[in-house]
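The values are calculated or read from the model by the stated rules, or taken from the named source; none is laboratory data. What you see is a predicted model; the values in this text were computed from it and never measured. Cβ: placed from backbone, ideal geometry, glycine included. Neighbour counts: every protein chain shown.
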Amino acid sequence: MIARWGWAAALVVALGVAPVAADVVLAGRVVKTDRREVYVNLGEGVGVEVGGRIRFKRPIALRHPVTRAAVNDWLPLGEGTVAAVGNQLARIELPPELLTTIKAGDLAEIYVERAEAAPPPPPKPAPDDRPIPTVDAETAQVLQVWRATTGKPIDERIGVWSGWLASHATSPYAEAVRADLEVLRATALAMTPDLPGRPRALDLHVEHAAPKRALAGADVPLAFVLADPAQVVAASLHVRTRGQPVYERVELVREHDIYLRGALPAALVAAPGVEYFVETIGADGSAGAAYASDAAPATIEVDAPAVVERFTATRQRTRLTIIGSYLDFATFDDRKDSAGNTLDRRDRFAETQIDVLYRLAGVVQGVRLGFGAYGGRGGFSEAVWTDAQPAPVIGFQYGFVEAELRLPIDRGPALGLAGRFVAGVGREGFGVGVAGRLRLGEPDATNLSVGVSGVQQVGFLSDLLLETWPLPKVPVGLSVAVTDQPGNGDLGVRLAADLGYRLRPWVRPTVRVSWQGRTAAHAGVGGGLGLVFDW
Amino acid sequence: MTSSSLTLALVAVALAAGPVAADGVRHVPPAEAEAGAPIELVASIADAGHKDVVLHYRARGAVAWVDVAFTQAAGGQWVAAIPAAAVLPPGLEYYLQSAAAAADGAAPAAIDEFASAADPHPIVVRTGDKDARRLRDLGRTGGRRSRAHAAFEWVDFGQRDNAAGAVVPDRYYRIDLDFAYRLLAYPLEEIRFGYTRLEGIVPNSDRRVPADCTPATEGSAACRVDAGFKVGGWFELGLALAEGVRFDGRGMFTANQESFALGARGELRAGIADGNHLAVAVEYMADVGTIGSFRLGWATVPKVPMAMTVEITDLPSSVRATGVRLLYDAYYPLPTGLRLGARLGYAARDQIIGGPSAGLSASYDF
């Protein structure tokens, strides 16, 4: 294909040396594709004529393997013939093999002869006398491959770079090349959707003894033996958990010429099984499945992890929370009696709590167990406390256990449901309580939750809570609650804001401010402090 | 040769039947093997007359390599065998080298032919499901099957009084001594025998000291109860419903203050008993009372596993009101199998009066 356009390249060179005519290569874009033809935005207005040959290229954005600078490159696709020309557009007939390849947005170039004189050539830049920078041998080799592949068809590029990667897996440029290969392969896949199944000119298959079962969450090392090592330049393993639509690619390392070794990544080795196939790339740039295929992959059974596995992790699984808060419903209640005396309308409570959360993977997201103490006085907006009728005293010392479930929702934000059982003793003896919370979103990210709790001798509280991280180290919680605490008193509302700061990855102090009231006259402020440890 | 190893060898031969690289060793590595059956590795060697090919293998995690030379077998293939005794879970790793005699008589130089000492190829060795589970369980206990355990605990719910000034304590102590053996015969995972002594003094009413008691009579049976028992023997079965889910069922026989009595205990636990776990338990002892508890254990602090427990109980006497105990445990396991523990807690039957709990424990695994 390149050879057929050699004349164009020669023309460009010639123009650069001694321009004697105004012949130009015009560049446009494919603006519309139809069943057997495409339209480009080049018309007779710029000199396009019926019967002219027009070539197509696919723009591709890559990064330079050494500098990582963005590079706009192109891939040659093929040629078509100008079938009709309008003022602004031309209709191009395509050969059958290009019918499904050319897409809107592809580059279109045509060589046009013009009668008018050519514009003067741009002045030649002054020679650069600076010494050519020296590079190490590895860099030089990468640059050489880069130059050699620029402008080449995509299969050829993939073959050359894959071969380089197979023999330079530990090169400092391997990651960059691997990333560019992903772009090339994705482009190739889009251009030829039937890539894995297309006929192979070479015998590139591998021999392999496949395991039948594997442990969940552990790498599965595999080895393959090339049937004809001389024909293969590179190979890759494609892996997915059974039931997943997409394979992940793992480069196979070539050893002692005939062996390919790699591993199914632990993250993909999960129940009910893991599927894989091997794709090889031949010396001619052709690629295809060499062991099993994407449509019929090899399968390894993977047992669901035992319950005990959910409890084996020890890092980033535990959180200790210590909080203390104080609420006063009567800070601003300055109602006086007829004689102007301030009345005792005390109405407040305080609570401290310490708990430990252990996070689990799976449906049960975490379990929490904690202790707390609660104490308060009052609870009524209109009551006036006297020596004869003192404010009721409420106290409760308790422990609780909680489990949070992650509901199996496939789409949308995470949905969690937590249930808590509370047991404790108050002034009237033993009492119990329950609490529940429905959470929309991840517990440690932005989430909205609604909770309700009721505890004997203490009262009930329901709240709506928004938690978010406006800054990476600063969590914020905003809540509005309705409660009859302390001691099943009058209903009141509490507005609270919690602010934290992650001092270290494992510790986060928090502060709370709140306003609460049972009536417009009977309201007050509160506050609290907390410490959260993660390890 | 066992039938399984024969099968493996046949498979390996079949897989190795392809063309041989011009000067190399062609070998299709087996992916897995069966525990206790020999593994025969088969190779095609291109220039077998001019070099020796050696298998180097070792158990996964071992340091030293064992060398086995390939020998020619029928059909032109070359074979090296790993003996059955070496084929143990979790697996093996190996590599192949060749050594060609130097022309000048110098020592032959070894050349890696498949994998290498630095990057050997693993073979997973499989066992039956129960055997594999047994190995994992033993791995968690360091291979130790027996445990001797002793625990002492002091529980004080606070002194109680009445309007007349009579004062009676509300407290008890408990001693547990037991021996456990891990049978690992699933679902029966463990058996346990134990002795418990539990004695306490409590007011003879549910909350306060009886109203008609005075300081002069506060020591009488009408005002205080000597609760508990001196001797309690028990037997417990640990049933593993699944790996990581266990139910411990206990039957208990006690000689309490007045007669022979029965007791029972059940604990359902998810996780690892000495590590991260969540447990719910109920214990009943006739006349002495009932305990219901939730416990969360975590082993996420290096070397110091911990636990928190919420206990609902009327111990040491069923005449007493139900209270709660909030308990924190910390343990210090030593490599020798000794595990020391300390407990601190708070116990109360109401919000007005409460008291401390404290305990020590030690266990030895062998």
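I'd like to know if segment B:288-310 contains one or more residues that are under 26 Å from A:ALA423 (Cβ atoms), of a type in the set (Gly, Ala, Ser), touching a Phe, Trp or Tyr at 6+ places or on another chain (Cβ under 9 Å) and more than 10 Å from every other protein chain (Cβ to nearest Cβ).
Scanning segment B:288-310, I find no residue that is under 26 Å from A:ALA423 (Cβ atoms), of a type in the set (Gly, Ala, Ser), touching a Phe, Trp or Tyr at 6+ places or on another chain (Cβ under 9 Å) and more than 10 Å from every other protein chain (Cβ to nearest Cβ), so the answer is no.
Looking at this structure, is A:ALA391 outside any strand (DSSP E or B), within 26 Å of A:TRP515 (Cα to Cα) and touching a Gly at 6+ places or on another chain (Cβ under 8 Å)?
yes
Any chance you could count how many residues in segment A:217-251 are more than 25 Å from the chain's Cα centre (by Cα) and in a loop (DSSP other than H, G, I, E, B)?
2
Give me a count of the residues in segment A:490-505 that are in a strand (DSSP E or B) and under 16 Å from A:PHE349 (Cβ atoms).
Here is the first cut: in segment A:490-505, the residues in a strand (DSSP E or B) are A:492-500, A:504.
Imposing the further condition that a residue be under 16 Å from A:PHE349 (Cβ atoms) reduces the set to A:492-494, A:496.
Summing the residues that are in a strand (DSSP E or B) and under 16 Å from A:PHE349 (Cβ atoms) in segment A:490-505 gives 4.
Of all residues in segment A:269-327, which are within 18 Å of A:THR241 (Cβ to Cβ) and polar (S, T, N, Q)?
A:SER293, A:THR299
From A:PHE349, A:PHE380, which residue is in contact (Cβ under 8 Å) with a residue 24 or more places away in the chain and in a loop (DSSP other than H, G, I, E, B)?
On the way: A:PHE349 fails: in a loop (DSSP other than H, G, I, E, B).
Just a single option satisfies the conditions, and that option is A:PHE380.
List the strands (runs of 3 or more DSSP E) inside segment A:35-118, counting only whole elements, that have at least 2 residues being surrounded by fewer than 16 Cβ atoms within 10 Å (Cβ to Cβ).
The qualifying strands (runs of 3 or more DSSP E) are A:53-63, A:70-85.
Only one of A:ASP294, A:ASP257 is over 30 Å from A:LEU357 (Cα atoms), assigned to a loop (DSSP other than H, G, I, E, B) and within 14 Å of chain B (Cβ to nearest Cβ); which?
Of the residues listed, the single one that is over 30 Å from A:LEU357 (Cα atoms), assigned to a loop (DSSP other than H, G, I, E, B) and within 14 Å of chain B (Cβ to nearest Cβ) is A:ASP257.
Run down B:LEU340, B:LEU344, B:LEU296, B:LEU326 and say which single residue is in contact with a strand residue (DSSP E or B) (Cβ under 6 Å, 6 or more places away or on another chain) and under 22 Å from B:ALA227 (Cβ atoms).
B:LEU326
Looking at B:SER317, B:SER361, B:SER357, which is the one that is crowded, with 20+ Cβ neighbours inside 10 Å and either in contact with a Leu (Cβ under 9 Å, 6 or more places away or on another chain) or acidic (Asp, Glu) (or both)? Break it down into steps so the answer makes sense when it comes.
Details: B:SER317 fails: either in contact with a Leu (Cβ under 9 Å, 6 or more places away or on another chain) or acidic (Asp, Glu) (or both); B:SER361 fails: crowded, with 20+ Cβ neighbours inside 10 Å.
Every option except B:SER357 fails the conditions.
Kindly provide the set of residues from segment A:427-440 that are within 49 Å of the chain's Cα centre (by Cα) and not aliphatic (A, V, I, L, M), ordered by number.
Residues of segment A:427-440 that are within 49 Å of the chain's Cα centre (by Cα), as a first pass: A:431-440.
Hits for segment A:427-440 are A:GLY431, A:GLY433, A:GLY436, A:ARG437, A:ARG439.
Can you confirm whether A:PHE371 is assigned by TED's automatic domain parsing to the domain that holds A:ASP490 and closer than 30 Å to A:VAL308 by Cα?
yes
Looking only at segment A:402-437, which residues are surrounded by fewer than 17 Cβ atoms within 10 Å (Cβ to Cβ) and acidic (Asp, Glu)?
A:ASP410, A:GLU428
Quick check on my filter: what residues within segment A:58-105 are under 30 Å from A:PRO172 (Cα atoms) and among the small types (Gly, Ala, Ser)? Let's see the steps before the verdict.
Restricting attention to segment A:58-105, the residues satisfying the condition of being under 30 Å from A:PRO172 (Cα atoms) are A:58-76.
Selection gives A:ALA61, A:ALA69, A:ALA70.
Collect the residues in segment A:200-250 that are within 13 Å of chain B (Cβ to nearest Cβ), under 19 Å from A:GLU156 (Cα atoms) and touching a strand residue (DSSP E or B) at 6+ places or on another chain (Cβ under 8 Å), keeping them in residue-number order.
Residues of segment A:200-250 that are within 13 Å of chain B (Cβ to nearest Cβ), as a first pass: A:203, A:205-216, A:218-232.
After this cut, where a residue has to be under 19 Å from A:GLU156 (Cα atoms) as well, the list is A:203, A:229-232.
Hits for segment A:200-250 are A:GLN231, A:VAL232.
Which residues, taken from segment A:137-157, are buried (at least 16 other Cβ atoms within 10 Å of the Cβ), at pLDDT 80 or above and closer than 19 Å to A:PRO59 by Cα?
A:TRP146, A:THR149, A:ARG157
Restricting to segment A:273-320, name every residue that is free of Cβ contacts under 8 Å to residues at least 12 places away in the same chain and among the polar types (S, T, N, Q).
Of everything in segment A:273-320, those that are free of Cβ contacts under 8 Å to residues at least 12 places away in the same chain and among the polar types (S, T, N, Q) turn out to be A:THR312, A:THR314.
So in segment B:320-345, with the set limited to residues that are assigned to a loop (DSSP other than H, G, I, E, B) and within 14 Å of another protein chain (Cβ to nearest Cβ), which one is surrounded by the most Cβ atoms within 10 Å (Cβ to Cβ)?
Going through the qualifying residues, I end up with B:ARG320.
Would you mention how many residues in segment A:415-436 are out of contact with any Pro (no Cβ under 8 Å at 6 or more places or on another chain) and either away from chain B (no Cβ under 14 Å) or under 17 Å from A:VAL452 (Cβ atoms) (or both)?
Of the residues in that region, 12 qualify.
Consider segment B:186-223. How many of its residues are aliphatic (A, V, I, L, M), surrounded by 16 or more Cβ atoms within 10 Å (Cβ to Cβ) and not in a loop (DSSP other than H, G, I, E, B)? First the steps, then the outcome.
At the first step, the residues of segment B:186-223 found to be aliphatic (A, V, I, L, M) are B:188, B:191, B:198, B:201-202, B:209, B:211, B:216, B:221-222.
Narrowing the set further to residues that are surrounded by 16 or more Cβ atoms within 10 Å (Cβ to Cβ) leaves B:198, B:201-202, B:209.
Cutting the leftovers down to not in a loop (DSSP other than H, G, I, E, B) gives us B:198, B:201-202.
Within segment B:186-223, residues that are aliphatic (A, V, I, L, M), surrounded by 16 or more Cβ atoms within 10 Å (Cβ to Cβ) and not in a loop (DSSP other than H, G, I, E, B) number 3.
Go through segment A:487-527 and give me each residue that's on the phi > 0 side of the Ramachandran plot and away from every other protein chain (no Cβ under 14 Å).
A:ASN488
Please identify the pairs in which a residue from segment B:337-366 that is more than 30 Å from B:ASN162 (Cβ to Cβ) and among the hydroxyl-bearing types (Ser, Thr, Tyr) has its Cβ atom under 8 Å from the Cβ atom of a residue that is surrounded by 15 or more Cβ atoms within 10 Å (Cβ to Cβ) and modelled with pLDDT under 95, counting only partners at least 6 apart or on another chain.
Correct list of pairs: B:TYR364/B:GLY337.
Please work out which one of (1) surrounded by 14 or more Cβ atoms within 10 Å (Cβ to Cβ); (2) among the β-branched types (Val, Ile, Thr); (3) part of a strand (DSSP E or B) is the condition B:VAL231 fails and give its number.
If we test B:VAL231 against (1) surrounded by 14 or more Cβ atoms within 10 Å (Cβ to Cβ); (2) among the β-branched types (Val, Ile, Thr); (3) part of a strand (DSSP E or B), just (1) comes out false.
Looking only at segment A:383-399, how many residues end up being buried (at least 21 other Cβ atoms within 10 Å of the Cβ) and either more than 9 Å from chain B (Cβ to nearest Cβ) or free of Cβ contacts under 8 Å to residues at least 24 places away in the same chain (or both)?
Qualifying residue count for the region: 1.
Identify, by number, the condition in (1) in a strand (DSSP E or B); (2) at pLDDT below 95 that B:ALA106 doesn't meet.
For B:ALA106, the failing item is (1).
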